[in-house]
Amino acid sequence: MKNLFILWTLVLGLFCQRVCLVYAQAPKTAKIAFSSNRNGHSDIYVMNPHGSDLVRLTDHPGGELRPVWSPTGEHILFRSDRDGEWDLYIMKADGTNVQKVFEDIASRSSPSWDSNGKRIAYSQNGTVYIATRDGKNVEVITKGIYPHWSPNGEWIAFVLEPPGEGGKFGIGVFDIRTRTRKMILENPRRPFIKAVRWSSDNSKLAFSWFNPEMFHLQTIYTMNFDGSELQRGTKPARSFWADGPVWSPHGDELLYEHSGNGESHIFKTRLRSRNEKQLTKEGRNYLGDWFDPATLPVQPNPELLTTIWGRLKQK
């Protein structure tokens with residue numbers, strides 16, 4: 001009994017140590033990750049949700065774009081051309097230990113994490129793929145671009161554009177469990193949909209929608225998972241491009257890129273009131289992702305505990 005107590009104490013000690021290590025490198029407060037060229041070339045930055053406390057994470061002569069937080073906030077996936085081709089890279093949340101995800105060099109874009117941080121989705125040559133976070137076990141999912149993994153890990157939303165199957169375009173959802181897909185917004189009156197993103201509760205999708213009949217107008221829309229209740233997520237369209245929507249961790253706000261007059265800035269809008277706030281003032285700025293440690297589950301990770309217990313039994 002005494003030996004069992006000692007062993008269990010050791011398990012709990014190792015478990016707590018491992019959990020503390022997992023969360024130690026994540027931001028302690030909510031942070032928005034984005035890219036900006038304010039210092040001459042595009043780098044990754046983070047800031048508070050109100051636009052304060054700007055911190056530069058990368059400083060490389062190559063371009064860095066589209067950072068996305070891992071589920072626990074420990075790492076950031078992003079796109080860079082530092083090796084001559086726009087490909088995917090991963091770094092710690094503080095900007096250190098930058099590593100290439102894949103061994104080969106290819107044009108990959110739109111990275112997105114699964115819910116447990118073990119796999120990523122991305123697009124390449126008009127096709128959606130998934131792979132383990134180390135660039136291994138690559139699997140073709142479907143024709144499409146702009147993949148985004150649902151927070152519960154069950155679906156991947158994507159955009160299908162011509163030359164797709166039969167010239168169709170719209171928004172589709174791929175079911176990870178059944179390996180089937182369905183279109184939820186097909187052949188819309190206005191094509192050129194971009195950057196589809198899930199809400200934190202898996203119930204809604206946000207995306208930007210371009211009207212080819214009015215070239216200067218592109219704005220943000222939201223809809224339910226089944227394609228119902230399609231509505232504008234920003235104020236009535238005016239002479240600018242709104243792109244790259246990102247949900248707040250609580251689902252009550254949206255970030256988006258506001259482009260016009262040769263500038264691009266990040267704005268935040270509350271979905272109920274439509275009140276907007278400009279978060280960036282300098283350079284050209286592009287989203288990005290929003291992480292809040294307050295939304296992380298507080299219960300222990302059973303998979304982590306199982307791993308530690310298995311190692312102890314081997315000893």
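On a straight-distance basis, which aspartates and glutamates could pair with LYS277 in a cross-link, Cα separation under 20 angstrom, same-chain partners fewer than 8 positions away excluded?
Reachable aspartates and glutamates: ASP53, ASP243, ASP252, GLU253, GLU257, GLU263, ASP289, ASP292.
Can you pick out the pairs among LYS204/LYS268; LYS182/LYS204; LYS143/LYS268; LYS31/LYS92 whose Cα atoms lie more than 20 Å from each other?
LYS143/LYS268
For the charge dipole of region 33-295, defined by +1 on Lys and Arg C-beta atoms and -1 on Asp and Glu C-beta atoms about the Cα centroid, which residue among TYR89, GLY233, ILE193 has the Cα displaced farthest towards the positive pole?
Farthest towards the positive pole: GLY233.
Between beta-carbons, use under 14 Å as the cut-off and find the net charge around LYS92, counting Lys and Arg +1, Asp and Glu -1.
0
Between ASN39 and ASP94, with labels modelled 7 Å along Cα→Cβ, what's the label distance in nm to one decimal, could you check?
For the pair ASN39/ASP94, the computed spacing is 1.7 nm.
Could I have the simple spin-label model distance between THR127 and ASP81, label points 7 Å from Cα toward Cβ, reported in nm to one decimal?
Between THR127 and ASP81, the label points sit 2.4 nm apart.
Multiplying the sequence separation of SER107 and GLU186 by 0.36 nm and subtracting their Cα-Cα distance, what value in nm do you get?
Separation in residues times 0.36 nm, less the Cα-Cα distance, equals 25.7 nm.
Quick one: of the DSSP bridges fully inside region 33-295, what percent are antiparallel, nearest 5?
In region 33-295, DSSP labels about 95 percent of beta bridges as antiparallel.
Once the other residues with Cβ under 11 Å from the Cβ of LYS182 are scored (Lys, Arg +1; Asp, Glu -1), what is the net sum?
Result for the local shell: -2.
Let me check against my output: what whole-number percent is the relative contact order of region 33-295, with C-alpha pairs under 8 Å and at least 6 apart?
13 percent
Under the 0.36 nm per residue contour assumption, what length would be gained going from the current alpha-carbon distance of ASP201 and LYS28 to full extension?
60.1 nm
For region 174-183, take each phi angle, set θ = phi - 60°, evaluate the Karplus expression 6.51 cos²θ - 1.76 cosθ + 1.60, and give the result in whole Hz per residue in order, putting x for glycine and proline.
Whole-Hz 3J(HN,Hα) from phi for region 174-183: 9, 8, 5, 6, 9, 6, 10, 10, 9, 8.
So the label point goes 7 Å from the Cα of ARG179 along Cα→C-beta, right? Which residues of region 120-163 then have their backbone N under 13 Å from it?
In region 120-163, the label zone of ARG179 (backbone N under 13 Å from the point 7 Å along Cα→Cβ) covers 139-142.
Rule-based calculations on the coordinates, nothing more; no lab input. These figures come from a predicted structure and were not determined experimentally. Glycine also receives a Cβ, built like all others from the backbone with ideal geometry; neighbour counts cover every protein chain displayed.
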